[in-house]
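The values are calculated or read from the model by the stated rules, or taken from the named source; none is laboratory data. Just so you know, these numbers come straight off a predicted model, no measurement behind them. Cβ sites come from the backbone with ideal geometry, for glycine too, and all protein chains shown count toward neighbours.
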Amino acid sequence: MTSRPDGVSITEQQLLAGACAAFRSSTRIYRAKPVVPSRFGLEADSAIQFDIDGKKLVMPVQVASRASRPDILLASSRLKSARVDGRPVMLVASYVDPELAAHLIDSDIPFLDAAGNAFIRAREATIMIVGRPRLVWAIGARATRSTTSKGLQVMFALATQPGLASEPYRKIAEVSGAALSTVNQVIDDLLSRGLLATRRTGQRIFPDWRKYVDEWVSLYPARLRPRLAMSRYTSTTPDWWRSFDFLKFDARLAGEAAADLVTQELKAARVTIYAQHNLGADFLKEARLRPAPDGDVEVLASFWREPAEYGWDASASLPVVHPLLVYADLIASGDSRNLSVAKDIYERYLENLHA
């Protein structure tokens, strides 16, 4: 009987086993199995042992149990230079489509999925299998109250407003804009899933802040963001947004433009704006924008309440949304340029936000 890897949930254990079985099926002649990493001197949560032409290859792995593109991109952005005892960390996911596979291969990140797609480049062997179709994979993100659109709205407020997690439910409802009953259910759900914890003093904390961020960032593009779309425009003046007075119109920059403005490390190709209300004729005239279904300027509805803390160590008047939202939009874009800047934003502005 195969031992359960240290620190791996049941869902992740099932995905590891399924991916190993798919590898055996797709290669026909090679074998793979989950193993306990500590038995091989590896300081990792999980590992896979490959048997290739009589050679044993043990690789530390990171499991992306969600099947969403942002979740896989998020994991891959961290694995680009990751090493455990000198070995690259393999990404294991339920499915890696050909486009994602190309991105991972170009980044030299080994991967394995439950459909049998794989990339391994090691001294022992080189294996590349891509293009196998997605299988019906029973393991997925369980729908819970905190993963609904309103739940994500509450999670965002808890993450971005200092001390809010320990406030009474009524205060959390007021700040997040969610109903009191929703807040009650969301907090209970977060506590049951270990994304929040309560100290003896009654203070609520984030026991694993990175896991909390990953949860929100992976779900936001599919479960909340589509509900926020308002309009698209095309601009007539390059870089018009750099000196534009967004706060005059109760609007803020996000995505590439916000990252460009704050870090000066990215040349923005698209402009994302969050606004508290529909931007009217005065805004369009001053910004010199015209409606265009496929335009490079996207306007979405703000889903948080003012006044709010925006979490940058720059000028308070900087017209940008919270770094968590900038980070999420950069990850969701899937652009390799954006993933690098997203990593920098996480390390500078998010990593120690709830240390």
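Some observations on this one:
- The lone exception for SER81 - which of (1) polar (S, T, N, Q); (2) modelled with pLDDT of 85 or more; (3) part of a loop (DSSP other than H, G, I, E, B) it fails: (2)
- Filter pass, THR263 being β-branched (Val, Ile, Thr), touching a residue at least 12 places away in the same chain (Cβ under 8 Å) and in contact with a Gly (Cβ under 6 Å, 6 or more places away or on another chain): no
- Qualifying position, being assigned to a loop (DSSP other than H, G, I, E, B) and surrounded by 14 or more Cβ atoms within 10 Å (Cβ to Cβ), among PHE303, PHE283: PHE303
- A single member of ALA229, ALA269, ALA254, ALA222 is at pLDDT 95 or above, under 25 Å from the mean Cα position of the chain (by Cα) and of a type outside the set (S, T, N, Q), and it is ALA254.
- Within the stretch 183-211, considering residues that are in a loop (DSSP other than H, G, I, E, B) and in contact (Cβ under 8 Å) with a residue 24 or more places away in the chain, the one surrounded by the fewest Cβ atoms within 10 Å (Cβ to Cβ): GLY202
- Flag for GLU298 being more than 22 Å from ALA222 (Cβ to Cβ), surrounded by 13 or more Cβ atoms within 10 Å (Cβ to Cβ) and modelled with pLDDT of 95 or more: no
- The stretch 47-59, residues that are of a type outside the set (Asp, Glu) and surrounded by fewer than 22 Cβ atoms within 10 Å (Cβ to Cβ): GLN49, ILE52, GLY54, LYS55, LYS56, LEU57, VAL58
- Of all the listed residues (ASP282, ASP313), the sole one being outside the structural domain of ALA101 (by TED's automatic domain parsing), more than 23 Å from LEU74 (Cα to Cα) and at pLDDT below 90 is ASP313.
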